[in-house]
Amino acid sequence: MSSSPAALRAEALESLLIEKGLLDPAVVDDVIERYNERIGPMRGAQLVARAWTEPDFKQRLLADGSAAIAEYDFEGGQVDKLVVVENTDTVHNMVVCTLCSCYPWAVLGLPPKWYKDPAYRSRVVREPRAVLSEFGTDVPTDKTIRVWDSSAEVRYMVLPQMPPAWRSADVGTLAERVTRDSMIGVEVLA
Ligand code: FE
């Protein structure tokens with residue numbers, strides 16, 4: 001990824017503030033971590049919560065992810081084609097990039113470290129259930145597991161199943177409950 005002028009500017013400012021003792025690098029790391037874990041994936045979580053509560057939107061999202069999110073002003077692009085795959089009672093989906101670390105930045109923020117790990121990238125294809133159980137996720141054996149290999153051209157996001165107990169929650173509350181890992185497919189929401 002090439003650095004944008006804004007990124008360079010931010011980096012210059014950060015270095016300067018740290019040098020002057022005005023900024024604690026740990027605070028910066030904390031902000032970045034929060035962005036990675038929460039704020040970034042919140043875009044995806046908004047889409048999921050809306051899909052759960054608006055059948056029309058869900059249909060559009062599954063039919064053509066890129067078109068469905070075009071109305072949102074998600075910056076950070078990095079998604080030429082977004083494909084959203086739906087978890088159902090019979091199918092569980094997982095996302096990987098076996099070649100490198102392609103990831104739908106625009107909707108999930110920055111990829112977690114383990115997503116770039118060669119072990120995850122190779123094993124998820126060979127033994128998805130073993131990988132899932134290491135994440136503490138048990139998918140019933142009668143469910144088909146589908147692994148989607150991302151590329152620079154096509155990025156995948158999982159539409160997780162909504163736990164039945166959440167049915168009465170409003171869309172905002174639902175969005176807060178949707179986790180990044182559930183949209184990569186290594187977690188089942190409960
Ligand atoms: Fe990649």
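The values are calculated or read from the model by the stated rules, or taken from the named source; none is laboratory data. This one's a predicted model, so the numbers in the text were calculated from it and none came from an experiment. Cβ coordinates were reconstructed from backbone atoms using ideal geometry, including for glycine residues, and neighbour counts include every protein chain displayed. Surface areas here come from the heavy atoms of the whole protein model, side chains and all, with no ligands, DNA or RNA. Shrake-Rupley method; radii C 1.70, N 1.55, O 1.52, S 1.80 Å.
Numerical summary
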item: Accessible-area composition of the chain, carbon plus sulfur, in percent [1.4 Å probe]; result: 53 percent
item: Sites excluded, trypsin sites (Lys or Arg not before Pro) in DSSP loops with at most 11 other C-beta within 10 Å, longest stretch of the chain; result: 21-166
item: Amide proton proximity set for I145, modelled H, under 5 Å, gap of 5+; result: H92
item: Integer Hz, Karplus 6.51/-1.76/1.60 couplings in order for the stretch 127-142, x for Gly and Pro; result: 9, x, 5, 5, 4, 4, 5, 5, 7, x, 10, 10, 9, x, 5, 7
item: Calculated FRET value between E86 and S122, using beta carbons and R₀ = 30 Å, to 0.05; result: 0.70
item: For the chain, the longest site-free run once GluC sites (Glu not before Pro) in DSSP loop states with at most 15 other Cβ atoms within 10 Å are removed; result: 76-152
item: J(HN,Hα) series, the stretch 146-160, from Karplus relation 6.51 cos²θ - 1.76 cosθ + 1.60, nearest Hz, glycine and proline x; result: 10, 10, 10, 8, 6, 8, 5, 8, 10, 10, 10, 9, 8, 9, x
item: Per residue accessible area of the stretch 40-184, 1.4 Å probe, in Å²; result: 48 Å²
item: Amide H partners (placed H, <5 Å) of E86, local residues excluded; result: L159
item: Ranked order, T173, T137 - accessible area, probe 1.4 Å, largest first; result: T173, T137
item: Potential lengthening between E153 and D29 on full extension [0.36 nm per residue; Cα-Cα distance subtracted]; result: 41.6 nm
item: Residue of W105, W52, W114 that the Gaussian network model of the chain assigns the largest fluctuation, springs spanning Cα pairs under 10 Å; result: W114
item: The stretch 43-95: relative contact order as a whole-number percent, Cα under 8 Å and 6+ apart; result: 25 percent
item: Highest-fluctuation residue, I32, I69, I18 considered, GNM on the chain with Cα pairs under 10 Å; result: I18
